[in-house]
Amino acid sequence: MAQALPSYAMSVFLLPKEISRSIESMMASYWWQTNKDSGKGIHWLSWDKLCQHKKGVVMGFRNLLDFNLAMLGKQGWRLLTRPNSLVTRVLKARYFPQGDFLSASIGSNPSFVWRSIWESQDLVRKGVRWCIGSRNNIPILQSPWLPDEINPFVISDHPALSVAKVSNLLTLDGSRWDEEVLDDLFVDRDKHLIMSIPLNDNNLEDHFVWSKETSGFYTVKSAYNLLQKLKGG
């Protein structure tokens, strides 16, 4: 119950670490108390260990900071997948007029809402991927479109890539990757990954998918589990 109470606020705001620790401390004290009157008890395990998920065994406790980031990540996901929504258009005009949420900077004098959502950017970048269709909307740089679970971003830095789209890497008829162009612009690692991408029907629109769910849609649960995995939990 105590974990659910701040959920609404955590979906929009990043709670200060002091508040998160205070809530976790209250939950730990309630869990370990041996006397209802005094509320005292021995804390046999640290809160971090109670939140660990090992071999399918979980106590049901969450690390509040990670859960907060996972919930904020859903807002970041919406900024990517709902470009025509009012909130996306407002934030884009103010903070990332020339790009998207994945490439946005914190900006100058940011609002508390934007600062909170922006904190989830690294999490979203680790789980989101482009599904290649028409190839006209995907920037080559700073976009997660390569089939690499650890780093789906291009590492090549040729000047010609700065404003290019994925569609510029195809032959004139659009049927296959242009190997001569790839040889000129990319390091071997990027070239091999690009060549491994099958070219689907280009009538399909380019769109984002969440790689941690078979449905392709972002869920707070999968994002939270991703954070635990990254921490070795």
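The values are calculated or read from the model by the stated rules, or taken from the named source; none is laboratory data. The model shown is predicted, which means the values in this text are computed figures rather than measured ones. Reconstructed Cβ throughout: ideal geometry from the backbone, glycine too, with neighbour counts over all protein chains shown. When the accessible area is computed, the model is the full protein with side chains, heavy atoms only, and any ligands, DNA or RNA have been set aside. Shrake-Rupley method; radii C 1.70, N 1.55, O 1.52, S 1.80 Å.
Details
- Candidates Pro159, Pro152 - the one that is within 13 Å of the chain's Cα centre (by Cα), without any contact (Cβ under 8 Å) to a residue 60 or more places away in the chain and more than 18 Å from Leu79 (Cβ to Cβ): Pro152
- Selection over the range 95-107 of residues that are assigned to a loop (DSSP other than H, G, I, E, B), touching a residue at least 40 places away in the same chain (Cβ under 8 Å) and under 22 Å from Val220 (Cα atoms) gives a count of 0.
- In the range 138-161, the residue that is nearest to Ser211 (Cα to Cα) out of those that are outside any loop (DSSP other than H, G, I, E, B) and open to solvent by less than 50 Å² (accessible area, probe 1.4 Å) is Pro139.
- Picking from residues in the range 162-195 that are surrounded by 13 or more Cβ atoms within 10 Å (Cβ to Cβ) and assigned to a loop (DSSP other than H, G, I, E, B), the one that is modelled with the lowest pLDDT is Ala164.
- Qualifying residue in the range 131-141 (condition: in contact with a strand residue (DSSP E or B) (Cβ under 8 Å, 6 or more places away or on another chain) and closer than 25 Å to Met71 by Cβ): yes
- Residue that is surrounded by the fewest Cβ atoms within 10 Å (Cβ to Cβ), among those in the range 108-126 that are within 19 Å of Gly216 (Cβ to Cβ) and of a type in the set (D, E, K, R): Arg125
- Test: residue in the range 196-218 that is part of a loop (DSSP other than H, G, I, E, B), open to solvent by less than 80 Å² (accessible area, probe 1.4 Å), of a type in the set (D, E, K, R) and in contact (Cβ under 8 Å) with a residue 12 or more places away in the chain: yes
- Considering residues of the range 219-233 that are part of a loop (DSSP other than H, G, I, E, B) and modelled with pLDDT under 95 only, the residue surrounded by the fewest Cβ atoms within 10 Å (Cβ to Cβ): Gly232
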